[in-house]
1. Working only within the range A:140-153, note down all residues that are assigned to a helix (DSSP H, G or I) and more than 10 Å from chain B (Cβ to nearest Cβ).
2. Taking helices (runs of 4 or more DSSP H) that do not extend beyond the range B:127-209, which have at least 3 residues that are buried (at least 22 other Cβ atoms within 10 Å of the Cβ) and within 14 Å of chain A (Cβ to nearest Cβ)?
3. What are the residues in the range B:382-410 that are open to solvent by less than 10 Å² (accessible area, probe 1.4 Å) and either touching a Phe, Trp or Tyr at 6+ places or on another chain (Cβ under 7 Å) or farther than 26 Å from B:R188 by Cβ (or both), if any?
4. Tell me the helices (runs of 4 or more DSSP H) entirely within the range A:1-73 that contain at least 2 residues that are loosely packed, with under 10 Cβ neighbours inside 10 Å.
5. Which condition number does B:D451 fail, the rest of (1) under 19 Å from the mean Cα position of the chain (by Cα); (2) not assigned by TED's automatic domain parsing to the domain that holds B:E156 being met?
6. I'd like to verify a number: residues in the range B:243-269 that are closer than 18 Å to B:G169 by Cβ and open to solvent by less than 20 Å² (accessible area, probe 1.4 Å), how many?
7. Take the range A:205-234 and flag every residue that is open to solvent by 10 Å² or more (accessible area, probe 1.4 Å) and of a type outside the set (A, V, I, L, M, F, W, C).
8. Is it the case that some residue within the range B:68-83 is in a loop (DSSP other than H, G, I, E, B) and either open to solvent by less than 40 Å² (accessible area, probe 1.4 Å) or in contact with a Pro (Cβ under 9 Å, 6 or more places away or on another chain) (or both)?
Amino acid sequence: MTLERRRWVWAYAFIAIPLLFFLSIRIGPTLFAFWVSLHQWDPIAIERPYVGFDNFAALSDDPVFWKALRNTWIYVLIGVPVSLVVSLVIALGLQRLTRYVGFYRVLYFAPYVTSLVAVGWVWRWMYMPNGIFNDVLGWTGLGPFNFLGTPDTAIYAIIATTIWQALGFQIIIFLAGLESVPPVYHEAAAIDGASGWQQFRDVTLPLLNPTLVFLVITGVISNLQVFTQVRAMSSQGTGGPLNSTISIVLYVYQQAFQALPSKMGYASAMTVVLFLMILVITVFQLKVLSRNNNDY
Amino acid sequence: MTAHDRDTTPRASQRIDRRTILRYGAASAGLAAAARVAGPTAAQDATPAAPAASGFNTAALQVSGPVEIEYWQYELTAKTQLVNELIPEFQAANPGITVKHVNFPYDDFRQQVAAAVQAGEGPDVLNVYYGWIPAYVQQQFLVPLPEDVFPAATIEADYFPMVTAAKVGGSYYALPTAVRTLALFYNRDLLGAAGVQPPTNWEETVAVAKATARKNGDNFEVVGITWDIGGQGHNWWREALTRQNGLVPYSEDNRTLYWSNPEGVEAFNYLASFLTEHGVTQSGFQTDGPTAFAAGSAALHVDGSYRVGSLAIDAPDLNYGIVPLPAHKTQASFASFWANTITRNAAEGDKLIASQKFIDFLSSEAVQRRWTPRIGELPARQALAAEPELVNNEKLAPFIQSLPFSYATFLVNEADLRQAVIDAFDQVVLNGLDTESAIQEAQARVQTQLDEYWATFG
């Protein structure tokens with residue numbers, strides 16, 4: 001065996017183990033979900049008849065699915081941009097700090113390492129009609145508002161919690177991105193007379209592009225898969241009131257694990273739709289958002 | 001007999017019986033063979049030979065050799081401890097039978113069962129929520145309790161009426177050890193401060209809620225009554241308020257819903273009026289009803305007997321009392337229970353025999369007598385309800401008094417039925433939809449499920 005060939009064998013041997021794990025734990029179940037989605041699948045039933053694309057056809061007639069789809073996009077389209085802007089602003093501020101840097105970073109990162117269920121419940125208590133938010137509003141003569149109990153506001157109350165929770169992660173990534181911008185560019189821009197805003201727009205932001213692409217993609221995916229906060233915070237954990245907060249993944253959970261008899265096939269059809277949606281969006285984002293980056 | 005008697009029309013019974021016979025013919029044959037093996041005396045004189053404590057005929061059944069059955073129930077420390085004590089007693093009385101006791105968290109209940117069944121494993125005897133029985137029967141997951149061993153007439157004579165919720169298409173599929181009912185919890189300090197007595201009827205309930213509700217500006221400090229539709233409120237309306245107002249919410253064969261009848265609408269309006277008209281309660285106050293009551297921030301709260309146990313832990317100093325639900329034209333309450341069923345894993349042979357013996361044992365008077373003080377659930381057998389120890393228990397007595405008029409809803413999709421009722425209340429109190437339309441919407445949704453369910457039974 002030549003040296004090169006031996007190297008080649010070793011490389012594949014090392015790759016094989018994680019690959020095997022990935023295939024059996026990730027790819028396998030995904031493909032299995034495709035298979036399940038073509039059946040009327042009840043784990044307890046003796047027969048699980050093949051129904052073709054009936055589950056997908058039924059989805060298109062299901063108003064709750066459309067509601068969940070619409071809500072999921074609200075989670076994405078409001079949650080992702082707002083959290084990115086807020087975390088970038090905080091990251092820019094933190095970068096300028098010279099004292100107690102570690103303390104502030106820990107402070108902002110703490111929510112991210114806290115259990116989402118615990119976060120959800122604490123916020124639920126703060127949101128309730130006699131909770132702290134309404135106490136504060138009460139001083140100004142407003143309220144009380146039942147934030148989570150009103151269909152018009154419940155989803156935004158949950159989005160606010162999601163943003164707060166995700167900030168820590170995004171700030172850390174932004175800080176890493178900012179550190180990687182060589183100071184010489186800023187110095188050069190300053191010598192050329194660029195204002196602070198111009199420096200930010202023309203130097204910082206373009207160089208942050210890889211960071212932004214990463215955060216947009218992970219943010220979109222995690223918001224498309226939003227589940228825990230809705231389960232923990234919506235009234236009775238069912239995506240209420242009146243399905244105003246229900247997300248696709250929560251609806252999948254309800255149909256697969258709470259409905260009797262279990263509609264595993266129907267739920268799998270939804271996961272297939274979600275999978276395709278995430279796939280298309282991620283490929284699109286990689287192509288479009290990264291293009292700028294190649295110019296530099 | 002009430003509308004909750006699960007006897008369907010003769011035609012329906014025949015249909016299900018035929019299916020059942022086809023499905024479990026082998027099981028019945030095995031049973032008969034086993035009875036013959038046990039000897040002529042056992043087979044012929046089975047009825048009088050039944051042991052004093054049980055009332056069923058399992059003493060005549062004998063296993064042909066050593067057999068192990070798996071018993072599954074969800075994790076609740078008090079229950080698992082007691083069953084762990086009971087199993088050795090059962091094994092000593094029934095040589096050759098071993099029971100393996102499996103527990104898992106309540107939240108994973110149906111996932112665990114489904115996963116195990118899909119893998120070809122799972123329980124022989126399963127402790128199941130009564131509301132899941134119809135769906136499990138539809139899925140051919142449960143085996144009916146053989147009529148010759150557990151005669152329906154005996155069950156209905158010995159148990160409280162809600163036990164009929166375990167009967168699908170003429171056959172019993174499960175027997176409970178204990179049951180729960182709803183009653184009205186009241187905060188003694190809050191009622192005392194307002195100078196009012198616990199209410200006994202609808203009007204008094206409104207008066208007490210008004211007298212006790214307390215606000216600071218626009219914020220409630222104390223709600224007169226909890227608004228807890230997703231907790232017990234939906235059960236309160238569905239089985240108690242409607243019936244108290246003279247409605248029988250289901251047809252006798254459990255195929256048709258009558259929620260939108262005027263009595264049902266009126267009962268719905270009565271419950272909604274606490275929030276909309278009288279302004280004595282608030283949605284989301286202290287997050288939920290039980291929390292608000294435990295915190296001493298609610299004067300009245302409708303809840304189940306199991307709440308007594310959790311209040312003892314969460315709010316040991318709470319000064320509260322319990323009375324039966326306030327009545328109207330008549331009295332009614334909601335009942336629910338966990339019951340022991342035999343799964344298709346034990347459809348025949350020694351496993352079926354052992355499973356029947358174990359279910360008979362778990363629902364015997366002797367076990368029920370020990371169950372109530374340890375678990376806080378109420379005896380399912382009528383004979384035990386008059387026992388002084390229970391009647392004199394201040395906290396349990398109101399629930400026990402409610403047993404004869406408590407009804408368990410026939411549920412084909414528990415989660416969605418609950419959601420349908422929650423949505424109806426939300427439509428009215430949040431979206432201002434008129435009550436009749438909201439109830440009709442919910443009724444149509446649940447009626448569709450019932451139609452689909454019964455259609456599978458041919």
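1. If we filter the range A:140-153 for residues that are assigned to a helix (DSSP H, G or I), which is where we start, we get A:147-149, A:151-153.
Once the filter is applied, which keeps residues that are assigned to a helix (DSSP H, G or I) and more than 10 Å from chain B (Cβ to nearest Cβ), the range A:140-153 yields only A:T153.
2. Passing ranges, in order: B:133-138.
3. B:L384, B:L403, B:S406, B:A408, B:T409, B:F410
4. A:3-22
5. So B:D451 meets the others, but not (1).
6. At the first step, the residues of the range B:243-269 found to be closer than 18 Å to B:G169 by Cβ are B:250-256.
After this cut, where a residue has to be open to solvent by less than 20 Å² (accessible area, probe 1.4 Å) as well, the list is B:250-251, B:254.
Number of matching residues: 3.
7. Those that are open to solvent by 10 Å² or more (accessible area, probe 1.4 Å) and of a type outside the set (A, V, I, L, M, F, W, C): A:P206, A:N209, A:P210, A:T211, A:T218, A:S222, A:N223, A:Q225, A:T228, A:Q229, A:R231.
8. To start, the set of residues in the range B:68-83 that are in a loop (DSSP other than H, G, I, E, B) comprises B:75-76.
Next, from what is left, pick out any that are either open to solvent by less than 40 Å² (accessible area, probe 1.4 Å) or in contact with a Pro (Cβ under 9 Å, 6 or more places away or on another chain) (or both): B:75.
For the range B:68-83, residues in a loop (DSSP other than H, G, I, E, B) and either open to solvent by less than 40 Å² (accessible area, probe 1.4 Å) or in contact with a Pro (Cβ under 9 Å, 6 or more places away or on another chain) (or both): present.
The values are calculated or read from the model by the stated rules, or taken from the named source; none is laboratory data. What you are looking at is a predicted structure, and each value in this text was computed from that prediction instead of being measured. Quick reminder, even Gly has a Cβ in these numbers, built from the backbone with ideal geometry, and neighbours come from all protein chains shown. These accessible areas exclude ligands, DNA and RNA; they are computed on the full protein's heavy atoms, side chains included. Shrake-Rupley method; radii C 1.70, N 1.55, O 1.52, S 1.80 Å.
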